[in-house]
Amino acid sequence: MTAVKVGVRADSPASTSDSGTAQSVPGRTGRHLVRYLAGRLTGRIMLCLAATFFAFTLASLTFDPMAELQMRQPPPAQAVIDAQAARLALDLPIPLRFVDWISGMPVGDFGTTVSGRPIADELWTRAGTSMRLFFAGSIVAIIAGVAVGVRSALNSRRISDHVTMFWTLALLAIPVFVLGTLLKLLWLPVNEAAGTQILYFSGERTVGGNYTGWEAVLDRVRHMVLPTLAIALPQIAYFSRYQRAAMLEVLNSEFLRAARAKGLRWRQAVRRHALRVALIPMVSLFAFSFGLHIIGGVFTERIFGWHGMGDWLLTGIHDHDARIVGIVTLFIGVVIVIAGWVSDIVLVLLDPRIRAGAEE
């Protein structure tokens with residue numbers, strides 16, 4: 001949070017412009033920014049590949065994908081075992097096995113699972129399932145977390161602030177699998193009182209329900225509400241506490257007092273300047289927590305019967321399938337890379353110091 005203290009001077013564009021927008025960037029600065037953003041993206045891609053290789057290597061060292069086949073009774077012929085080992089490239093060293101697996105990805109060939117199913121056939125379905133769920137949860141969490149944090153900072157040390165800090169701490173202390181179960185238990189009497197399923201507890205949609213148009217959309221929303229809340233509530237608590245701290249630091253800054261001295265009302269100063277500066281340290285937090293919550297969503301997907309990437313990761317571990325572990329790790333890495341790069345762009349727009357630093 002220290003970056004906020006030195007944030008925007010009273011005579012800086014962010015504090016003197018009525019609109020709060022940054023001044024236009026000259027062409028030379030634009031080229032520097034492109035190089036800066038390209039360098040950040042390249043670094044993240046390399047880290048993503050390194051993380052995928054590490055996960056694939058660790059899984060390959062600990063898994064035994066031939067165990068299930070070798071334990072069959074009667075035992076299969078040796079030719080069958082050799083063919084399975086060759087298909088999984090088990091005769092190659094792990095680094096070459098990784099290269100053999102990942103080299104087909106540019107053309108959409110993700111290999112096959114231990115059971116022989118093409119990974120590509122399942123990847124996009126499961127990725128879409130996870131992204132729908134976690135994108136909705138993250139959007140709700142960001143909007144609500146910022147709003148709760150800002151309001152708590154503006155009401156600092158009042159009763160409402162203490163109440164907010166208490167329930168956010170309580171939410172952070174509750175494990176995800178407990179929270180998901182609690183949401184089911186709390187909503188069950190509502191469904192029973194209504195005599196119908198207002199919100200559903202399992203699956204993405206009603207099995208056998210031939211809905212079309214808005215009925216299909218409504219059916220999916222009714223399945224999505226509870227798991228979205230299970231993902232969003234801990235993030236709201238997490239974001240709001242950080243946003244409160246960032247906002248409090250800005251509210252005590254000199255540039256905000258200078259803006260007030262120039263005639264801006266309190267609400268105008270907060271909306272035009274304080275909120276913008278307080279959001280700067282939050283942008284990276286939003287980006288990277290999105291990917292991390294996909295990892296933590298394994299329990300959410302299992303509790304609510306969503307067959308996404310988290311559920312697939314558990315399946316891969318159960319089947320001793322290093323390729324599934326690798327592809328799930330790569331997917332999470334790509335999500336974090338994209339989210340991080342978007343956060344870099346947003347930070348460039350919000351923080352003039354980054355634009356100045358890109359020229360050095």
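Mind checking whether some residue in the stretch 69-76 is assigned to a loop (DSSP other than H, G, I, E, B) and at pLDDT 85 or above? Break it down stepwise before answering.
Keep residues of the stretch 69-76 that are assigned to a loop (DSSP other than H, G, I, E, B), which gives 71-76.
Those left that are additionally at pLDDT 85 or above: none.
For the stretch 69-76, residues assigned to a loop (DSSP other than H, G, I, E, B) and at pLDDT 85 or above: absent.
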Can you spot a residue in the stretch 93-108 that is more than 28 Å from the chain's Cα centre (by Cα), surrounded by 15 or more Cβ atoms within 10 Å (Cβ to Cβ) and not assigned by TED's automatic domain parsing to the domain that holds Gly297? yes
For Leu169: the one exception among (1) surrounded by 13 or more Cβ atoms within 10 Å (Cβ to Cβ); (2) modelled with pLDDT of 90 or more; (3) aliphatic (A, V, I, L, M): (1)
Return yes when Ala144 is touching a residue at least 12 places away in the same chain (Cβ under 8 Å), over 26 Å from Thr228 (Cα atoms), of a type outside the set (Phe, Trp, Tyr) and part of a helix (DSSP H, G or I) and no when it is not. no
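Taking the options Ser152, Ser156, Ser115, name whichever one is farther than 24 Å from Thr315 by Cα, out of contact with any strand residue (DSSP E or B) (no Cβ under 6 Å at 6 or more places or on another chain) and not in a helix (DSSP H, G or I).
Details: Ser152 fails: not in a helix (DSSP H, G or I); Ser115 fails: farther than 24 Å from Thr315 by Cα.
None of the other options fit; the residue is Ser156.
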Regarding Gly308, is this residue touching a Ser or Thr at 6+ places or on another chain (Cβ under 6 Å) and crowded, with 23+ Cβ neighbours inside 10 Å? yes
Select the helices (runs of 4 or more DSSP H) contained entirely in the stretch 190-270, then report the ones holding at least 1 residues which are touching a residue at least 24 places away in the same chain (Cβ under 8 Å) and among the aromatic types (Phe, Trp, Tyr). 213-251, 254-261
Among Arg28, Arg97, which is of a type in the set (D, E, K, R) and modelled with pLDDT of 90 or more? Arg97
Specify the residue that is surrounded by the most Cβ atoms within 10 Å (Cβ to Cβ); the eligible residues are those in the stretch 228-251 that are within 18 Å of Val163 (Cβ to Cβ) and in contact with a Phe, Trp or Tyr (Cβ under 8 Å, 6 or more places away or on another chain). Phe239
Just a yes or no: is a residue in the stretch 324-344 modelled with pLDDT under 85, under 24 Å from Gly137 (Cβ atoms) and acidic (Asp, Glu)? yes
Is it fair to say Arg132 is charged (D, E, K, R), buried (at least 20 other Cβ atoms within 10 Å of the Cβ), part of a helix (DSSP H, G or I) and touching a residue at least 60 places away in the same chain (Cβ under 8 Å)? no
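Out of Ala38, Ala86, I need the residue that is more than 24 Å from Ile345 (Cα to Cα), at pLDDT 85 or above and loosely packed, with under 14 Cβ neighbours inside 10 Å. Which one?
Details: Ala38 fails: more than 24 Å from Ile345 (Cα to Cα).
Sole residue among the options that is more than 24 Å from Ile345 (Cα to Cα), at pLDDT 85 or above and loosely packed, with under 14 Cβ neighbours inside 10 Å: Ala86.
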Counting only residues in the stretch 254-272 that are under 15 Å from Val150 (Cα atoms) and not aliphatic (A, V, I, L, M), the one surrounded by the most Cβ atoms within 10 Å (Cβ to Cβ) is identified as Arg272
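Conditions tested, residue by residue: (1) under 28 Å from the mean Cα position of the chain (by Cα); (2) assigned by TED's automatic domain parsing to the domain that holds Phe299; (3) closer than 30 Å to Leu279 by Cα.
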{"residue": "Ile139", "(1), (2), (3)": "yes, yes, yes"}
{"residue": "Leu183", "(1), (2), (3)": "yes, yes, no"}
{"residue": "Leu188", "(1), (2), (3)": "no, yes, no"}
{"residue": "Thr206", "(1), (2), (3)": "yes, yes, no"}
{"residue": "Gly209", "(1), (2), (3)": "no, yes, no"}
{"residue": "Met224", "(1), (2), (3)": "yes, yes, yes"}
{"residue": "Ala230", "(1), (2), (3)": "yes, yes, yes"}
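The values are calculated or read from the model by the stated rules, or taken from the named source; none is laboratory data. Since the structure is predicted, the reported quantities are computational estimates derived from the model, not experimental observations. For neighbour counting, all protein chains shown are included, and Cβ atoms are generated from backbone atoms with ideal geometry for every residue, glycine included.
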